[in-house]
Amino acid sequence: MTGCDRGLCHQAIGRQDRQLNTYDWLADVPGNTDDTDLVEVQFKHTRKGYYHNVNQLDLKKGDIVAVEANPGHDIGVVTLTGRLVKLQLKKANLKSSEEIRRIYRIARPVDMEKYYEAKSREHATMIESRQIAKNLGLDMKIGDVEYQGDCNKAIFYYIADGRVDFRQLIKDLAATFHVRIEMKQIGARQEAGRIGGTGPCGRELCCATWMKNFVSVGTSAARYQDISLNPQKLAGMCAKLKCCLNYEADNYVEASRKLPSKDTVLQTLEADYYYFKADILAGLITYSTDKNMAVNLQTITAERAKQIIELNHNGEKPESLLEDDFQNAPQGPVDLATQENINRFDRTKKKKKKKKPVQQETGANVPQARTPKPKASKESKPAKDGKPNKEAKPTKEAKNTKNAKE
């Protein structure tokens with residue numbers, strides 16, 4: 001199995017089955033790996049490490065290697081090599097060279113057997129450790145357990161609102177599992193990233209795919225974007241505010257600076273207009289003649305609103321809130337794919353009435369005409385084109401027959 005099969009191929013972004021997968025866009029550059037011997041190695045979920053390739057191994061993205069650990073060794077997957085590792089190292093803030101250990105070798109079958117054995121013990125260890133913490137009365141939750149590749153060490157990830165004295169817990173865990181214990185506190189966002197899931201947008205959680213650093217999210221980000229402050233809609237899978245609220249917050253802040261103040265009243269000869277709502281990115285503002293209700297709504301651009309404000313400062317009032325160009329412009333949302341108004345689907349089509357064919361009495365060898373038959377006498381003869389004559393006179397033979405009967 002190659003690195004591409006595990007979603008770690010440098011030739012494409014591939015499947016995101018590795019949470020911290022990084023696209024190596026310098027992989028095809030000649031001499032990329034000759035500049036540095038640093039290698040980025042990823043372990044379970046959100047843990048990464050940086051190591052020196054002192055043995056000059058021919059490592060590629062996706063290779064499983066045995067690296068130096070304290071104590072013993074650990075098993076990880078190579079996720080990055082070459083020049084980009086230096087940039088990643090700056091983000092990790094590893095200033096001391098002593099923190100960077102070395103790579104021993106490419107993992108052997110014996111190493112992999114012990115590694116799989118360690119991974120099989122993680123779930124049972126987590127369940128048992130939760131019971132031990134509950135018996136001690138500690139206000140904490142153990143969210144995940146990660147064993148080292150050689151089964152000599154275990155990292156317990158826990159969540160707690162306040163400070164927890166887990167000195168007795170460490171003693172009990174070491175006596176139960178006979179390994180070295182390390183405790184790491186994580187937040188609710190990190191826990192959601194380790195568990196994974198699907199967000200309300202229908203895609204996999206950002207914290208479980210590509211997010212590495214978590215920034216605090218406040219309700220001000222929702223206010224800038226005019227989003228309703230509904231806790232059920234703003235909260236994510238971790239019960240915290242969604243991280244995606246910060247994605248477009250800067251653009252909204254920059255665009256809102258071009259809009260006039262919400263407290264400004266626009267005065268015209270028709271009436272006074274109050275701020276009702278705004279489309280920040282489009283630069284459109286909707287005003288109402290009532291301060292508290294939607295009455296006589298008018299939508300204008302931010303430039304037009306600034307013009308009216310300047311006229312009001314000079315003691316002038318325009319006749320109308322709208323400009324002539326804006327009045328003639330098409331209103332309503334536009335579908336960017338077809339550049340047509342999407343309200344066209346709401347229009348009802350008029351059904352055309354079908355004309356019923358009218359049968360008329362004609363001769364045996366004359367085709368029937370589709371036009372309606374005008375009123376005529378019974379004795380009238382049809383014309384050659386299939387239409388009856390309007391005024392048909394009786395022939396001599398008809399007169400003689402009539403006289404004979406009399």
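What to note about this one:
- Odd one out for Asp74 among (1) in contact (Cβ under 8 Å) with a residue 60 or more places away in the chain; (2) outside any loop (DSSP other than H, G, I, E, B); (3) more than 26 Å from Asn213 (Cβ to Cβ): (3)
- Against the list (1) in contact (Cβ under 8 Å) with a residue 60 or more places away in the chain; (2) surrounded by fewer than 16 Cβ atoms within 10 Å (Cβ to Cβ), the condition Asp139 fails is (1).
- Residues that are open to solvent by less than 40 Å² (accessible area, probe 1.4 Å), free of Cβ contacts under 8 Å to residues at least 40 places away in the same chain and under 24 Å from Ile227 (Cβ atoms) within the range 276-299 comprise Gly283, Ile285, Thr286, Tyr287, Ser288, listed in sequence order.
- Lys356 being at pLDDT below 70, charged (D, E, K, R) and open to solvent by 100 Å² or more (accessible area, probe 1.4 Å): yes
- Apart from one condition, Ile170 fits all of (1) of a type in the set (A, V, I, L, M, F, W, C); (2) open to solvent by 30 Å² or more (accessible area, probe 1.4 Å); (3) farther than 17 Å from Lys134 by Cβ; (4) part of a helix (DSSP H, G or I); the exception is (3).
- Scanning the range 315-332 for residues that are open to solvent by less than 70 Å² (accessible area, probe 1.4 Å), acidic (Asp, Glu) and at pLDDT 90 or above turns up nothing.
- Options Gly197, Gly218, Gly202, Gly193: the member that is among the small types (Gly, Ala, Ser) and touching a residue at least 60 places away in the same chain (Cβ under 8 Å): Gly193
- In the range 105-130, residue most open to solvent (accessible area, probe 1.4 Å) [restricted to those that are hydrophobic (A, V, I, L, M, F, W, C), touching a strand residue (DSSP E or B) at 6+ places or on another chain (Cβ under 6 Å) and under 26 Å from Leu169 (Cβ atoms)]: Met126
- Tyr273 being out of contact with any helix residue (DSSP H, G or I) (no Cβ under 7 Å at 6 or more places or on another chain) and open to solvent by less than 30 Å² (accessible area, probe 1.4 Å): yes
- Residues of the range 233-264 satisfying the condition of being over 30 Å from Ile195 (Cα atoms), in contact (Cβ under 8 Å) with a residue 40 or more places away in the chain and surrounded by fewer than 13 Cβ atoms within 10 Å (Cβ to Cβ): Lys258
- Residues (touching a residue at least 60 places away in the same chain (Cβ under 8 Å) and open to solvent by 50 Å² or more (accessible area, probe 1.4 Å)) located in the range 25-45: His45
- Any hit, the range 208-225, residues being open to solvent by less than 60 Å² (accessible area, probe 1.4 Å) and either over 23 Å from the mean Cα position of the chain (by Cα) or charged (D, E, K, R) (or both): no
The values are calculated or read from the model by the stated rules, or taken from the named source; none is laboratory data. Note that this is a predicted model, so its numbers are computed, not measured. All Cβ positions, even for glycine, are placed from backbone atoms using ideal geometry, and neighbour counts span all protein chains on display. Just so you know, the surface numbers come from the protein's heavy atoms only, side chains and all, with ligands and any DNA or RNA stripped out. Shrake-Rupley method; radii C 1.70, N 1.55, O 1.52, S 1.80 Å.
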